[in-house]
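What follows is a single structure, written as structure tokens, with notes after it.
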Amino acid sequence: MLDCHGEGRWNALARCAWLKRTGKSCRLRWLNYLRPDVSRGNMTAQEQLLILELHGWWGNRRSKIAQHLPGRTDNEIKNYWRTRVQKHAKHLNCDVNSQQFNDLMRYLWMPRLLDRIHRSQSQSHDTDDADLSAASCITVTA
């Protein structure tokens, strides 16, 4: 359907498909959920760390941040920020625009994410090493 009508004709697509949506809502649904290159699932620790780092540089410019996270949309960045970061800051009675919040990100959350990344990488290396040692014990008989 999208191939027939083109990406720029969302109103026509909504009418022809008998969808009870506007062209704008069809476009947003395509961009945020239906496109084949959109990643589904939880953000990885690496993605979370990158969001925090880039937010420190660019603030709430979510579309610019999303450009550095392949498969993630600006809407996913917004949802991550609101559901995880802002909720955590609110729980700590901390304003997201304060220096206290920036310090928490820099000295608490980001080091924790780095630690999670390093632990997951070392576990995958341990698994790889175990697989190699198990494979070396296998003898092939003809």
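Read the figures in this text as sums done on the coordinates, not as results from a lab. Because the structure is predicted, anything quoted here is derived from the model rather than measured. Every residue, glycine among them, receives a Cβ derived from its backbone with ideal geometry; neighbour counts consider all protein chains shown.
Numbers at a glance
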item: Length added when fully stretched, Arg15-Arg84, from 0.36 nm per residue minus Cα-Cα; result: 21.1 nm
item: Estimated FRET transfer efficiency when R0 is 25 angstrom, pair Asp95-Ser63 (beta carbons, to 0.05); result: 0.55
item: Rounded to whole Hz, the Karplus (6.51, -1.76, 1.60) HN-Hα couplings of segment 38-51, x for glycine and proline; result: 7, 6, 10, x, 5, 6, 6, 4, 5, 5, 4, 4, 5, 4
